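Structure, as structure tokens:
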Amino acid sequence: LMLAIQDLYSGKILAWRIAENEGADTVRLAFGDLFRDHGVPDLVWLDNGRGFASKWITGGSTNRFRFKTKPEDPVGVLTALGCEVRFTRPYSGRSKPIERAFRTLCDHGAKHPEFQGAYTGNSPMTKPEDYASRAVPLDVFTRVVADVIRRHNAKPNRNTRVCRGVLSYDAVYEASLSKALIRRATEAQLRMCLLAHEAVTADKLTGAVNLFGNRYWGEFLSEHRGQKVVVRFDPDRLHEEPAHVYAMSGEYLGAAEIQEAAGFADAVAAREHSRR
């Protein structure tokens, strides 16, 4: 699936991620791309999916449709960056303008010539005769998706209120930037988005934290022995990179270096082992 973020004023698609599921990690990475390339929005409208309503994304917000709001929940990425979060109404297509863009992308993307034989139709009753006759390599798929989105944003003569039948989404977006004050994310804030995270309890004696069988420690952890903390890390380089430790309130505490690389080298292998 593709998870995308759209600028509501212009209609331009600003960031997207292709993933196996609509989990909190996918949402977090897509917003990390948005913050890095375009800045931090003041207001965000979210679909009511479980990934968006996760405490890691909107924790601390009081208007989530899903999950109970608990005082001990960590502060979500959007909440920590000062974004006002609003959720669209469940089962209400009119409250989700991005659905129109998805239909357009489906027409020009899913039915792209390079996907001939792989398109399965948009329902069980509308499958092409040659569906499932071939598979598309993932690198080809992501390249075509990126090109389709680029052309979607650049197409002129869009018939919307702000494009006036003349401009493209790109042109309207660029013009709006000249009149807006854009907040830029700091390196620390981007680190919150682009690293995976786990809530763990620091060791009662030393303050060390454990991730997938590996032990990390920094002198600052001595002040947080036995406390629950949030650890952010690079899921593909558990043995090479330090673990960044945050308080449950979102405050950055410090970087903990690896002391004992006795466990898995990446998070995917660890989770797959646990699943088996």
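Can you find a residue in the range 255-270 that is part of a loop (DSSP other than H, G, I, E, B), under 19 Å from residue 76 (Cα atoms) and under 25 Å from the mean Cα position of the chain (by Cα)? Give the derivation first.
Keep residues of the range 255-270 that are part of a loop (DSSP other than H, G, I, E, B), which gives 261-266.
Applying the additional criterion that residues be under 19 Å from residue 76 (Cα atoms) yields none.
Within the range 255-270 (the criterion being part of a loop (DSSP other than H, G, I, E, B), under 19 Å from residue 76 (Cα atoms) and under 25 Å from the mean Cα position of the chain (by Cα)), the answer is no, since none of the residues qualifies.
No other residue among 143, 150, 184, 215 is closer than 21 Å to residue 16 by Cβ, open to solvent by 60 Å² or more (accessible area, probe 1.4 Å) and touching a strand residue (DSSP E or B) at 6+ places or on another chain (Cβ under 8 Å) apart from 184. May I ask you to list the residues in the range 45-99 that are at pLDDT 75 or above and charged (D, E, K, R)? Result: 47, 50, 55, 84, 86, 89, 96, 99.
All of (1) under 30 Å from residue 261 (Cβ atoms); (2) loosely packed, with under 13 Cβ neighbours inside 10 Å; (3) hydroxyl-bearing (Ser, Thr, Tyr) hold for residue 123 with one exception: (1). Considering the range 237-269, the residues that are loosely packed, with under 15 Cβ neighbours inside 10 Å and out of contact with any strand residue (DSSP E or B) (no Cβ under 9 Å at 6 or more places or on another chain) include one that is nearest to residue 212 (Cα to Cα), namely 268.
Residue 130 meets all of the listed conditions (1) open to solvent by 70 Å² or more (accessible area, probe 1.4 Å); (2) modelled with pLDDT under 90; (3) among the acidic types (Asp, Glu) but one, namely (1). Report yes if some residue within the range 98-109 is surrounded by 11 or more Cβ atoms within 10 Å (Cβ to Cβ) and not in a helix (DSSP H, G or I); otherwise report no. Taking every residue of the range 98-109 in turn, none turns out to be surrounded by 11 or more Cβ atoms within 10 Å (Cβ to Cβ) and not in a helix (DSSP H, G or I).
Identify, from the list 177, 190, 167, 195, the residue that is within 15 Å of residue 40 (Cα to Cα) and free of Cβ contacts under 8 Å to residues at least 60 places away in the same chain.
Numbers: 190 fails: free of Cβ contacts under 8 Å to residues at least 60 places away in the same chain; 167 fails: within 15 Å of residue 40 (Cα to Cα); 195 fails: within 15 Å of residue 40 (Cα to Cα).
After applying the criteria, what remains is 177.
Filtering the range 6-25 to residues that are touching a residue at least 24 places away in the same chain (Cβ under 8 Å) and acidic (Asp, Glu) leaves 7, 22, 25.
Can you confirm whether the range 198-211 contains a residue that is open to solvent by 30 Å² or more (accessible area, probe 1.4 Å), in contact (Cβ under 8 Å) with a residue 60 or more places away in the chain and among the small types (Gly, Ala, Ser)? Walk me through it before giving the result.
If we filter the range 198-211 for residues that are open to solvent by 30 Å² or more (accessible area, probe 1.4 Å), which is where we start, we get 198-199, 201, 203-206, 210.
Applying the additional criterion that residues be in contact (Cβ under 8 Å) with a residue 60 or more places away in the chain yields 199.
Subsequent filtering for residues that are among the small types (Gly, Ala, Ser) retains 199.
Yes, there is a match, as at least one residue in the range 198-211 is open to solvent by 30 Å² or more (accessible area, probe 1.4 Å), in contact (Cβ under 8 Å) with a residue 60 or more places away in the chain and among the small types (Gly, Ala, Ser).
Scanning the range 163-216 for residues that are in contact with a His (Cβ under 7 Å, 6 or more places away or on another chain), modelled with pLDDT under 90 and either in a helix (DSSP H, G or I) or not hydrophobic (A, V, I, L, M, F, W, C) (or both) yields a count of 1. Quick check on the range 153-164: of everything there that is free of Cβ contacts under 8 Å to residues at least 40 places away in the same chain and within 28 Å of the chain's Cα centre (by Cα), which residue is surrounded by the fewest Cβ atoms within 10 Å (Cβ to Cβ)? Taking the candidates together, the pick is 154.
Of everything in the range 26-40 that is out of contact with any Leu (no Cβ under 6 Å at 6 or more places or on another chain) and free of Cβ contacts under 8 Å to residues at least 60 places away in the same chain, the residue that is surrounded by the most Cβ atoms within 10 Å (Cβ to Cβ) is 27. Residue check: residue 221 meets all listed conditions (1) over 19 Å from residue 24 (Cβ atoms); (2) out of contact with any Leu (no Cβ under 8 Å at 6 or more places or on another chain) but one, namely (2).
The values are calculated or read from the model by the stated rules, or taken from the named source; none is laboratory data. A quick note: this is a predicted structure, and the numbers were derived from the prediction, not measured. For neighbour counting, all protein chains shown are included, and Cβ atoms are generated from backbone atoms with ideal geometry for every residue, glycine included. When the accessible area is computed, the model is the full protein with side chains, heavy atoms only, and any ligands, DNA or RNA have been set aside. Shrake-Rupley method; radii C 1.70, N 1.55, O 1.52, S 1.80 Å.
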